[in-house]
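Worksheet for the structure shown next.
The values are calculated or read from the model by the stated rules, or taken from the named source; none is laboratory data. Predicted model, so just to flag it, every value in this text is computed and none were measured. Because the Cβ atoms are built from the backbone with ideal geometry, glycine has one as well, and the counts that use them run over all protein chains shown.
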Amino acid sequence: MTPILTKSQKVAQLFFPAAFVHDTEENYLELENLIKSEEIGGLTFFHSRISAAANFEKRQETLDVSGTLEKLILLINRYQEASKIPLIISIDGEFGLAMRIEETPAYPYAISLGGISLEGEKQVEEVGYKMGLDMKSAGIHLNLAPCADVNTNPLNPVIGYRSFGTDTNTVARLALAAYKGLTKAGIGACLKHFPGHGDTHVDSHLGLPVVNKTKEELVAEELYPFQYGIDHDVEMIMVGHLAVPALSNGKEIAASISREIITDLLKNEMGFKGIVISDALNMKAVSNLFPTPGHLEWEAFHAGNDILCFSENVKEGIQMISEKASDEEINLVFEKILELKRKLGVLERRHIDIPKFNWENHEKFLEKLSKEFLCQLNGEINSINIRDLGESGNLGHRSFPSKDETVFSSLLQEAFGRNLSEVSDKKANLIIISLFVPSAKPINQFGLSDEVLEEIAELAHTKNCILYLFGNPLALRLLGDITLFKSVVVAYQSFDATQRVAIKHLMGEWKAIGKMSVNLYD
């Protein structure tokens, strides 16, 4: 039965402001009072205020992150108790709860899953399903994922590892597979960031990216995964903060507040009948444009958004939309939100207990996936020769950037009964280089110092080297001519399970059957 609500109460259901797990009691109370007074429709959980802020990589925060999962569950129960109509609890968890919550299962990045050659859709759907079950057990209803952006710009500061790759068809198929997996688990999901954030060079958390392509180019590449999703009944799409003048009558306006892009293109031309959710409205690409509180929220609603994510002016936004929008417009969106709540079981109130995860099964699953995406990019590996060199003391190992012991290094030592890192570069006939890329983002050279890059390049020039790269493969661009290595193996992730698979590959126990999900060069 549809509840009888006032116009402003219906508008409030569109609002999903941010909730922070690590915060002050004063802020918890403030949000609790907002839920009671404004009767909002949902929340989007983040780890902390600083980690949700723009460009947070450059900042330092000292937090006690112990018990993050327990705090999340406590807050979900607390905020649900404060709500008259139960809240949709959402999270931006592209690689699982672990993207926001410590000590929860992490899954491979999209760029890694894009490297699966055989049965990629089946495996990615399974990832989405398992991820969804984790979230459901923690009281989450909606995952703001997956990305359907095509990673055509290798220097993209904000998408990169979050995309399934460079190939448009692969991105379309795998994004839909991830979406299906999440919905199969009973979790809502959305394709993002419409109309496609993959070919940008500005981080929309900081400024407004502009994609200067013709409509024909956009239809063939950026828009294709979204049209593919629409044609396969995807029910939710997130619109990004990026300007695409070819789609907005030549204006450099963020898609998230463009009626031409959301209503005219996405809904009318492309035929999308589902729910449109805005990207976070606190992001600098749009938040700095409207000094009057509530104005941004109205513009986002008027453009065609059904859910307003991370609004920082909830009360004023509700008031302005209530004053400017017609009853018909508001009723249409309100019914969409209410139907979503029914479908996701939100209206059935339940107390959430702290979930327990099966870590042994998760580790096995990560090993299975790692076997699927491990990719031998070039060269060959002679495992018999490696064993001979190891036993004769002529095999070296160098780990970058840290010299700390890793699963990879300890298994190497276990195989050859000696500390390979003590074999001098001069004595070694072959050096195994394990490169653990510190950051998934290209900012500050993926976290790799000039000294580390120079040292690796010098080894490649002077010695026979096999490189195992654990991390974003786009970091290979920093190493110059990679054909100087005897072989390059892209492992994508630094999971313990992935390192074990890499050792099996080195020892000839497993073939690398994965592929490169991205083009290294423009």
Do we find that S287 is touching a residue at least 40 places away in the same chain (Cβ under 8 Å) and polar (S, T, N, Q) in this structure? no
Being surrounded by fewer than 17 Cβ atoms within 10 Å (Cβ to Cβ) and of a type in the set (G, A, S) is the filter; apply it to region 186-227 and report the residue that is farthest from G304 (Cα to Cα). G186
Criterion first (of a type outside the set (V, I, T) and in contact (Cβ under 8 Å) with a residue 60 or more places away in the chain) does P225 satisfy it? yes
On the given criteria, is G250 at positive phi and at pLDDT 95 or above? yes
For E103, state whether it is at positive phi and more than 14 Å from the chain's Cα centre (by Cα). yes
Take V490 and decide whether it is within 24 Å of Y107 (Cβ to Cβ), surrounded by 15 or more Cβ atoms within 10 Å (Cβ to Cβ) and outside the structural domain of L412 (by TED's automatic domain parsing). no
Identity of the residue in region 424-482, within 25 Å of L113 (Cα to Cα) and of a type in the set (S, T, Y), that ends up surrounded by the most Cβ atoms within 10 Å (Cβ to Cβ): S434
Checking the condition surrounded by 16 or more Cβ atoms within 10 Å (Cβ to Cβ), more than 24 Å from the chain's Cα centre (by Cα) and within 23 Å of L265 (Cβ to Cβ), which residue from I352, I321, I307 passes? I321
Out of (1) in a loop (DSSP other than H, G, I, E, B); (2) surrounded by 22 or more Cβ atoms within 10 Å (Cβ to Cβ); (3) over 14 Å from the mean Cα position of the chain (by Cα); (4) not polar (S, T, N, Q), what's the single condition that is false for P108? (3)
Going residue by residue through region 466-473, is there one that turns out to be farther than 19 Å from F408 by Cα, not assigned by TED's automatic domain parsing to the domain that holds G160 and not hydrophobic (A, V, I, L, M, F, W, C)? no
If I ask for residues that are out of contact with any Phe, Trp or Tyr (no Cβ under 8 Å at 6 or more places or on another chain) and not basic (K, R), which ones from region 27-51 would you list? Y28, L29, E30, N33, L34, S37, E39, S51
What number of residues within region 82-105 are assigned to a helix (DSSP H, G or I) and farther than 29 Å from E335 by Cβ? 3
Note down all Cβ pairs under 6 Å where the first residue falls in region 148-161 and is under 15 Å from G471 (Cβ atoms), the second is of a type in the set (A, V, I, L, M, F, W, C), and they're at least six residues apart or on different chains. P154/L474; Y161/I111; Y161/A440
Flag if K441 is out of contact with any Leu (no Cβ under 8 Å at 6 or more places or on another chain) and at negative phi: yes
Conditions (1) of a type in the set (D, E); (2) buried (at least 20 other Cβ atoms within 10 Å of the Cβ); (3) closer than 23 Å to P146 by Cβ: number failed by E299: (3)
For region 298-396, give me every one of the helices (runs of 4 or more DSSP H) that falls completely inside it and has 1 or more residues that are β-branched (V, I, T) and outside the structural domain of V124 (by TED's automatic domain parsing). 383-392
Cβ-Cβ distance below 8 Å, separation of 6 or more or different chains: which pairs start in region 358-371 with a residue that is touching a residue at least 24 places away in the same chain (Cβ under 8 Å) and end on one that is surrounded by fewer than 18 Cβ atoms within 10 Å (Cβ to Cβ) and outside any helix (DSSP H, G or I)? K371/W510; K371/I513
